[in-house]
Structures are given as structure tokens and as C-alpha cells.
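The structure appears below as C-alpha cells.
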Amino acid sequence: MRRRSFRGAVAVMALTTAALIGTAGSALACYSDDNRPHPTPGNPTPCADGQVLDQKDVVFELTKNNTRLNIKSVNEGVTVTRIVVPGGDDGFNDYTPGKKLDKNAPWNDLRAPFNFNGSQPKIGKWYLCGTKTKPTAPPTTPVTKTSTPPTTTATTKPSTPATSETSVAPTSSTPAAVVPAGNESGTGGGLANTGFDNSWLIWVGALLLVAGGGLLALLKFRRKAS
């Protein structure tokens, strides 16, 4: 009876010890309140050969007292396949784009696993895995220069007007008639000019004739009237 009770007591102690060890193990396990990564205890595993990226390959920021990592964008030609965020007492969070995490950036609120006491640690030296190719430059179109022929300006000389030969009528060299001396005023003859002009006598005679004709006509008119 005593042996059976002793064996039962040993079994109970073993079960209790196992439960305590399990509880302590769960308390020290690597865990996170973020369901997107895979919390892994121990030191972070490196990237595969040729797949280590630089932090300069992305645009990022650390917020909330360096406990949160936000990757805003990825540079051209860069493909991220893994994001490792270590920190705290032990372990790291392993993020894989396309598995619970969006395939393309931005990726916000990335964090490390909790400390053993349940507090959120600051992020240590995080790193990226993936591939990077140089962006292809657009094809350059050769520039063809077209030669422009030189422009020539034609100079026109003023044309000299043709000189027309005009026939000039010959001038007759007929000597002017010589007026006899003493007859410049047209009084005639070869008589000497005494300065007396007799042309007014002709006008007086004409006026007397007209006046005589008018007087005769007036007398005839009176006779007929009487």
C-alpha cells in the first residue's frame, strides 16, 4: 500500500513539473501581436546568396519611438521577397510579401517580437532580401542633322535707260528783216519820225460817222410819228 501511494505521489510530481516547465516555456516563447510575420526565436537567418538588398533600395521611416517600421515605396527595378525585423530579448519577425503581407509596398507597422516581459522592443538592424535589376534606359533615337543650303541673295544692277536718238530739226538761219530807220513805229515810208501819232484821227472819224447815222435815224422816226 505504501509503495503504491509513493508511486502515485511521484507521478503527480512529474506531471506538475512538466506543466510548470511547459508554462515557463510558453512564457519565454517568441511571439508578436502582429499576425502577418512568422515570429522566429534565435538569431536572424541571412538572405540567400546574391539576394541581400540595401536599405537605400526602399523609402522607409521608423515611428513610435523606433518600434514601428513603415516601408513606403520600392525603387525602380527592386523586388522585395523578404523583410526581417529583429529586436528585443530574442528572435525576429520574418515577413514575406504576398503571404499575409501585401505583395507590393507600402508596408506599414512592421515590428519586432515582444520581449520576455511582454513589452514592445525597439527595432534593431532590419534588412531586406530580394532582387535588383538596373532599369533599362529607353532607346535613343539618333538625331539626324539636315544641312540647309546657304541662301544667296541676287543683287540687281539698275538698268540704264536706253538713250533714244531724237532728230533735231535744223534751225533756219534766216536773217531778220531790217526795219528801215525812222519806221520803227510803223508810220511808213522813209520819212523821218517826228513823234506825231495820227491813228487817233481814224477813231474820231468813225465816231462822227456813227453819230451822224444815229441823228438821221432819229429825224426819220420823228417825222413818221408826226
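Hey, which lysines would be in cross-link range of LYS122, C-alpha to C-alpha under 30 Å, not counting anything within fewer than 8 residues on its own chain?
Filter leaves LYS56, LYS64, LYS72, LYS99, LYS100, LYS103, LYS132.
Amide H of LEU101: which non-local residues (sequence gap of 5 or more, or other chain) have their own amide H closer than 5 Å, using H built in the peptide plane?
Placed amide hydrogens put THR96 under 5 Å from LEU101.
May I ask you to compute the full-extension gain from LYS224 to THR81, defined as 0.36 nm times their residue separation minus their alpha-carbon distance, rounded to one decimal in nm? It would help to have the intermediate numbers written out before the result.
Values: separation 143, 0.36 × 143 = 51.48 nm, distance 15.85 nm.
Stretched fully, the LYS224-THR81 segment lengthens by 35.6 nm.
For the peptides 39-50, 70-81, 200-211, what is the packing order when you average, over each peptide's residues, the other Cβ atoms within 10 Å and list the highest mean first?
70-81, 39-50, 200-211
Using modelled backbone amide H atoms (1.01 Å from N, in-plane), which distant-in-sequence or interchain residues come within less than 5 Å of THR81's amide H?
Distant-sequence amide H within range of THR81: CYS129, GLY130, THR131.
Go through segment 112-128 residue by residue and turn each phi into a ³J(HN,Hα) via Karplus (6.51, -1.76, 1.60, θ = phi - 60°); whole Hz please, and just put x for glycine and proline.
Each residue of segment 112-128 in turn: 8, x, 5, 6, 4, 8, x, 8, 8, x, 6, 6, x, 7, 7, 8, 10 Hz.
Could you derive backbone 3J(HN,Hα) for segment 63-73 from the dihedral phi with the Karplus parameters 6.51, -1.76 and 1.60 (θ = phi - 60°), listing whole Hz in sequence and x where the residue is Gly or Pro?
So the Karplus estimates, Gly and Pro as x, are 10, 6, 6, 6, 9, 10, 10, 10, 9, 7, 7 Hz.
Using a 1.4 Å probe on the protein chains only, how many percent of the accessible area of segment 81-134 belongs to carbon and sulfur?
The nonpolar share, carbon plus sulfur, comes to 47 percent.
The values are calculated or read from the model by the stated rules, or taken from the named source; none is laboratory data. What you see is a predicted model, and the numbers here were worked out from it, not measured in a lab. Note: ideal-geometry Cβ built from the backbone for every residue, glycine included; neighbour counts use all protein chains shown. All accessible areas refer to the heavy atoms of the entire protein, side chains included, with ligands and DNA or RNA removed. Shrake-Rupley method; radii C 1.70, N 1.55, O 1.52, S 1.80 Å.
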